[in-house]
């Protein structure tokens, strides 16, 4: 995400070691921390807002939940719970995102599920139903309220 290559960890093990080393330095949350995290992670990717209708809503909910799950995984469950970061349970799924994306793309490319439009409608319906069942992402603070 824009970091100079020479500053990136050389391996997964080194990345984990660096993140673990940061844990004791994080300290206690300060006033406004929960609201800031909600503003940063509670509303999905801005690009999702450009897609009209139900597909855009589903995309925004998905990007919000994924962003919150990544945040939870980075900061740890206890701290994330204390700050009200959503995405609980999804942080366990973060390592599966890449293989599942590749598998979904390969399956779609075969055409066995029908047209791209049909596959997209199925995925949106499944995602919407899934997020409804688990409570989906928070929407406490709209981006417009922060600006």
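What follows is calculated from the coordinates using simple rules that are stated; it is not laboratory data. Since this is a predicted model, take the numbers as computed values, not measurements. When we count neighbours, we look across all protein chains shown, and the Cβ atoms used for this are built from the backbone with ideal geometry, even at glycine.
Quick notes
- Expected-Rg normalisation [2.2 N^0.38 Å, Cα atoms] applied to the range 1-119: 1.29
- Mean Cβ neighbour count within 10 Å, used as a protection proxy, ranking 72-85, 95-108, 4-17 highest first: 72-85, 95-108, 4-17
- Using alpha carbons only: equivalent-ellipsoid semi-axes of the range 45-104, gyration tensor based, whole Å: 22, 16, 7
- Cα→Cβ-extended label distance, 7 Å offset, between residue 25 and residue 5, nm: 2.5
- Peptides 24-32, 55-63, ordered by how many other C-beta atoms sit within 10 Å of their residues on average, highest first, read 55-63, 24-32.
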